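Participant: Let me give you the structure first, and then I'll get to my questions.
The values are calculated or read from the model by the stated rules, or taken from the named source; none is laboratory data. Treat the numbers as computed from the prediction; the structure is a model and nothing was measured. With ideal geometry, Cβ positions are generated from the backbone for all residues, glycine too; neighbour counts draw on all protein chains shown.
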Number of protein chains: 2
Amino acid sequence: MRGISRYSPPLPEGFLATGGRCGIAAKPGKKDLAVFASLQPCVAVGMFTTNRCKAAPVLVSEQHLRGGRAQAIVINSGCANAGTSVRGLADARAMCAWTARALGIATRHVLVASTGVIGEYLPMRRVRRGIEALARRVAHPGREERSGRSAAETILTTDTVRKVASEELEIRGRRVRVWGCAKGAGMIHPQLATMLVVLLTDGAITRSLATQALRVAVAPSFHCLSVDGDTSTNDSVFFLANGDLSGPRLGPGRPGWGRFQIALNSVCRQLAQCIAADGEGATKAVTLTIRGARSDGEARRLAQTVAGSFLVKSAWYGEDPNWGRIWAALGRAGVPLDPSRVDVAIGGLWLAKRGVSTGVPPAKAHRAMRGRSLPITIDVHQGVGRATYFTCDLSPEYVRLNADYRT
Amino acid sequence: MRGISRYSPPLPEGFLATGGRCGIAAKPGKKDLAVFASLQPCVAVGMFTTNRCKAAPVLVSEQHLRGGRAQAIVINSGCANAGTSVRGLADARAMCAWTARALGIATRHVLVASTGVIGEYLPMRRVRRGIEALARRVAHPGREERSGRSAAETILTTDTVRKVASEELEIRGRRVRVWGCAKGAGMIHPQLATMLVVLLTDGAITRSLATQALRVAVAPSFHCLSVDGDTSTNDSVFFLANGDLSGPRLGPGRPGWGRFQIALNSVCRQLAQCIAADGEGATKAVTLTIRGARSDGEARRLAQTVAGSFLVKSAWYGEDPNWGRIWAALGRAGVPLDPSRVDVAIGGLWLAKRGVSTGVPPAKAHRAMRGRSLPITIDVHQGVGRATYFTCDLSPEYVRLNADYRT
């Protein structure tokens, strides 16, 4: 529907995944429960929301990841299991325990995530039956279980398309695959969002290197992503690697390490772009590049303020080449700025140079904003810091979707 | 239209104001130029936007206020004269010079403000003719010039109602009046917004006490106001007092000082509430009270984050009693918070206590959100800090208005 093909790349060797419907009220008639599993225990690392109100599954997964190993992930959509206090924690732990028992693995090797409405409890009897049904399918895998397609569909909420990305590389004659899927849509803001991401690889990598590689890949992708400026209570990125650590490993100075990092970066960037393009109600995927900042950090703050502005995003929706709103947003980013040095290009046309209009006719500028992708480039001429942000416009549909989410 | 009567209270003694149409393109057929004047030079103080991209009139008014005196204010709507660099500065200075010449006063005693589209130049020939016409009306004042009604209408942009508030008090047998008018609508966020406010009084007050009184009045009103989180390049609050300083003055320990501050606070609070209620596309005036924070400052930050959330504001529009979104917004405010101690009341009903649902039926909670005013109370149970914020919901109309502003 939005430029992503129906083809779903296969999972890395030794991984299986499936999704189905257990009957969570907020997602009637749709798949709402997924299980990802590996045939062998994996090296497992994760990154989670910075929101101080963390959902129960986030707290449980953080705890289980302290061991650095995992073999399965169970995810439900439709209910966030957040704002549920001690009962929510018990529910998240039960989801892990049931998944572990059904798959015959250790409870501490199961990670859990939830996404959906905050403040409601999970229908645990249905969840239990759902987990048992999915575990049976994982035990007798077909093509669907090897593709991850059904699981990737299950974790979606208001997303309009499945978000899957995959890279393959050959290292010393052996094929290594990096596969990822994501759930995005609303409440998306840097430092993660209601964003669930599962990254799987059959590469062999130690825990500390996996942590490092994940940080490198997340910085320019999921941390440079904004739909609406809201950071969710449930954001989780899981990275599981099931390659055999007793054989040749990935690592600095070893063959293929650079290419592996590039593949992981690429999967994360593709997923981040998909999330931005499929933001709730979005009609445009906006790639916002800031250059000439005094540092990369300041460039990110400038980008974040522009990407978070109601007014700027409304103008993008209306294809209004209103560079003044972008200029005004830069001015309130909390970053030292000389307004008379700011250049702004919208849709490839420089509409402002040195803080004043270049006199491009509005009709021409308006035409340059048509279509589903909109590049915006801003040069603040103060240094060499730069950042690229993935974001979208704000449409009346966003408000309608979020006004009608529950009632 | 929105609960504000058609009655316009008279200006304080010795002030005159009028508005008319000079022909700024973005406001076709509507009043776009206003002059406020005093018969005597006034003590004058102001507060301006914290945006680093300041409009030309802001820079010129700041300069003129260094002298601490003013006798007139000239304001145009339809064009912000921002993003206009040196030419914009020359234009703003010319507006002051022409007003001064037409009224027979000093240029440095004229303040200037603009509001409207950023990045366009003012049609200076029209502005000059407009100023001369208005000055003639001020020189031969009728009832309109003494009411300020026309000037208050002129400064509006996408506002749907005139915003005027007034208080009168008697101090030692003499009547003292505090009068204010404001322009709000969009780009409204704490630390001011595209908000123009003119406050006039016939009380006698020194410059330093006027500065102090203004700060006291602005803190809980215009600094606790958020429509869309965007801080404009043009925010200005002017406060002019023309009382005779050689007679009895206002001041601490003198009669009526407390009542004068209360009157000024009341005028500012009324205007702030009008601005929030008349936010672009707003269907609800939301009064957001945070209590139990560790300090008033932290309470303000919590309020600001909730009031700035796209998701929370969309739920308000949809009358969706989704306390979870408010809880999630609190968690990303950057303030230490114990999620399991948060209570949330929407429309007077406590929907969450200690971070979990109280089980109020959604239909009942939904009914409590009907109507044009919506009180929200949040208790974080950590201390005695509190704040009250004036804000509004986010409707599809906001996006439509701001998508169509120019093109």
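Participant: How do the pairs read when you match residues in the range A:120-131 that are at negative phi with residues anywhere that are in a helix (DSSP H, G or I) and of a type in the set (V, I, T), using Cβ under 7 Å and keeping only pairs 6 or more apart or on different chains?
Facilitator: Qualifying pairs under 7 Å: A:I131/A:T99.
Participant: Restricted to the range B:357-392, and to residues that are at negative phi and out of contact with any strand residue (DSSP E or B) (no Cβ under 8 Å at 6 or more places or on another chain), which residue is modelled with the lowest pLDDT?
Facilitator: So, considering only residues that are at negative phi and out of contact with any strand residue (DSSP E or B) (no Cβ under 8 Å at 6 or more places or on another chain), the one modelled with the lowest pLDDT is B:P362.
Participant: From the list A:D320, A:D278, A:D343, which one is of a type in the set (D, E), under 27 Å from B:Y121 (Cα atoms) and touching a strand residue (DSSP E or B) at 6+ places or on another chain (Cβ under 8 Å)?
Facilitator: That would be A:D343, the only listed residue that is of a type in the set (D, E), under 27 Å from B:Y121 (Cα atoms) and touching a strand residue (DSSP E or B) at 6+ places or on another chain (Cβ under 8 Å).
The rows are residues; the columns are (1) surrounded by 24 or more Cβ atoms within 10 Å (Cβ to Cβ); (2) assigned to a loop (DSSP other than H, G, I, E, B).
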residue: B:P41; (1), (2): no, no
residue: B:V45; (1), (2): yes, no
residue: B:T50; (1), (2): no, yes
residue: B:V58; (1), (2): yes, no
residue: B:I73; (1), (2): yes, no
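Participant: Another question, if that's okay. Taking the condition more than 8 Å from every other protein chain (Cβ to nearest Cβ), modelled with pLDDT of 90 or more, touching a strand residue (DSSP E or B) at 6+ places or on another chain (Cβ under 8 Å) and on the phi > 0 side of the Ramachandran plot, does B:G292 pass?
Facilitator: The answer is yes for B:G292.
Participant: What are the residues in the range A:227-272 that are within 14 Å of chain B (Cβ to nearest Cβ) and aliphatic (A, V, I, L, M), if any?
Facilitator: A:V227
Participant: Can you give me the number of residues within the range B:363-405 that are farther than 30 Å from A:P362 by Cα, assigned to a loop (DSSP other than H, G, I, E, B) and not small (G, A, S)?
Facilitator: 8
Participant: For the range A:333-362, which residues satisfy the criterion of being assigned to a loop (DSSP other than H, G, I, E, B) and either assigned by TED's automatic domain parsing to the domain that holds A:C224 or of a type in the set (A, V, I, L, M) (or both)?
Facilitator: Within the range A:333-362, A:A333, A:V335, A:L337, A:V342, A:V360 meet the criteria.
Participant: For the range B:25-68, which residues satisfy the criterion of being within 14 Å of another protein chain (Cβ to nearest Cβ), within 20 Å of the chain's Cα centre (by Cα) and among the aliphatic types (A, V, I, L, M)?
Facilitator: B:A55, B:A56, B:V58, B:L59
Participant: Among the residues of the range A:90-130, count how many are among the hydrophobic types (A, V, I, L, M, F, W, C) and over 24 Å from the mean Cα position of the chain (by Cα).
Facilitator: Residues meeting the conditions: 11.
Participant: Could you figure out which of (1) surrounded by 24 or more Cβ atoms within 10 Å (Cβ to Cβ); (2) not in a helix (DSSP H, G or I) isn't true of A:S246?
Facilitator: (1)
Participant: I'm checking my understanding of the structure. Among residues of the range A:104-122 that are away from chain B (no Cβ under 14 Å) and in contact with a strand residue (DSSP E or B) (Cβ under 6 Å, 6 or more places away or on another chain), which one is nearest to B:A352 (Cα to Cα)?
Facilitator: Residue satisfying both the conditions and the ranking: A:A113.
Participant: How many residues are in contact with a Ser or Thr (Cβ under 9 Å, 6 or more places away or on another chain) and more than 14 Å from every other protein chain (Cβ to nearest Cβ) if we restrict to the range B:69-97?
Facilitator: 13
Participant: If we keep just the residues of the range B:367-407 that are more than 14 Å from every other protein chain (Cβ to nearest Cβ) and of a type in the set (V, I, T), which is surrounded by the most Cβ atoms within 10 Å (Cβ to Cβ)?
Facilitator: Among them, the one singled out is B:I376.
Participant: Right, something else. Test A:T283 against the criterion of being in contact with a Ser or Thr (Cβ under 7 Å, 6 or more places away or on another chain), modelled with pLDDT under 90 and either within 23 Å of B:A333 (Cβ to Cβ) or within 14 Å of another protein chain (Cβ to nearest Cβ) (or both), and give yes or no.
Facilitator: Here the answer is no, as A:T283 does not meet what is asked.
Participant: Shifting gears a bit: Inside the range A:249-279, can you point out the residues that are part of a loop (DSSP other than H, G, I, E, B), out of contact with any helix residue (DSSP H, G or I) (no Cβ under 7 Å at 6 or more places or on another chain) and surrounded by fewer than 22 Cβ atoms within 10 Å (Cβ to Cβ)?
Facilitator: A:R249, A:P252, A:G253, A:R254, A:P255, A:G256
Participant: Among B:G142, B:G130, which is away from chain A (no Cβ under 14 Å), small (G, A, S), surrounded by fewer than 17 Cβ atoms within 10 Å (Cβ to Cβ) and farther than 29 Å from B:K284 by Cα?
Facilitator: Exactly one residue qualifies, and that residue is B:G142.
Participant: Answer yes or no: is there a residue in the range A:99-110 that is more than 23 Å from A:G46 (Cβ to Cβ) and among the polar types (S, T, N, Q).
Facilitator: no
Participant: If you don't mind, there's one more thing I want to ask. So which of B:A345, B:A329, B:A368 is touching a residue at least 24 places away in the same chain (Cβ under 8 Å), of a type outside the set (S, T, Y) and touching a helix residue (DSSP H, G or I) at 6+ places or on another chain (Cβ under 7 Å)?
Facilitator: Answer to the check: B:A329.
Participant: Now a separate question. Here's a check for you: in the range A:23-39, which residue that is hydrophobic (A, V, I, L, M, F, W, C) and modelled with pLDDT under 95 is surrounded by the fewest Cβ atoms within 10 Å (Cβ to Cβ)?
Facilitator: Only one residue fits best here, namely A:A25.
Conditions (1) among the aliphatic types (A, V, I, L, M); (2) in contact (Cβ under 8 Å) with a residue 40 or more places away in the chain; (3) within 16 Å of A:L111 (Cβ to Cβ), marked per residue:
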position: A:I24; (1), (2), (3): yes, yes, no
position: A:G29; (1), (2), (3): no, no, no
position: A:V43; (1), (2), (3): yes, yes, yes
position: A:T49; (1), (2), (3): no, yes, yes
position: A:R52; (1), (2), (3): no, no, no
position: A:A92; (1), (2), (3): yes, no, yes
position: A:C96; (1), (2), (3): no, no, yes
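Participant: Any residue that is touching a helix residue (DSSP H, G or I) at 6+ places or on another chain (Cβ under 9 Å) and more than 24 Å from B:L209 (Cβ to Cβ) - is there at least one of those in the range B:61-70?
Facilitator: The answer is no, given that none of the residues of the range B:61-70 is touching a helix residue (DSSP H, G or I) at 6+ places or on another chain (Cβ under 9 Å) and more than 24 Å from B:L209 (Cβ to Cβ).
Participant: Report yes if A:W179 is touching a helix residue (DSSP H, G or I) at 6+ places or on another chain (Cβ under 8 Å), more than 14 Å from chain B (Cβ to nearest Cβ) and buried (at least 24 other Cβ atoms within 10 Å of the Cβ), otherwise no.
Facilitator: The answer is yes for A:W179.
For (1) modelled with pLDDT of 95 or more; (2) within 28 Å of B:F310 (Cα to Cα); (3) facing another protein chain (nearest Cβ under 7 Å), each residue gets a yes or a no:
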residue	(1), (2), (3)
A:K313	no, yes, no
A:P321	no, yes, no
A:R325	no, yes, yes
A:G334	no, yes, no
A:R341	no, no, no
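Participant: Out of B:R341, B:R325, B:R354, B:R332, which single residue is charged (D, E, K, R), surrounded by fewer than 22 Cβ atoms within 10 Å (Cβ to Cβ) and on the phi < 0 side of the Ramachandran plot?
Facilitator: B:R341
Participant: Follow-up question, since we're still on this one. Taking the range B:297-326 on its own, how many of its residues are in a helix (DSSP H, G or I), farther than 14 Å from B:D379 by Cα and touching a residue at least 40 places away in the same chain (Cβ under 8 Å)?
Facilitator: Of the residues in that region, 8 qualify.
Participant: Need the failing condition index for B:A303 against (1) under 23 Å from B:S226 (Cα atoms); (2) in contact with a Leu (Cβ under 8 Å, 6 or more places away or on another chain); (3) within 10 Å of chain A (Cβ to nearest Cβ); (4) not β-branched (V, I, T), just the number.
Facilitator: Unmet for B:A303, out of (1) under 23 Å from B:S226 (Cα atoms); (2) in contact with a Leu (Cβ under 8 Å, 6 or more places away or on another chain); (3) within 10 Å of chain A (Cβ to nearest Cβ); (4) not β-branched (V, I, T): (3).
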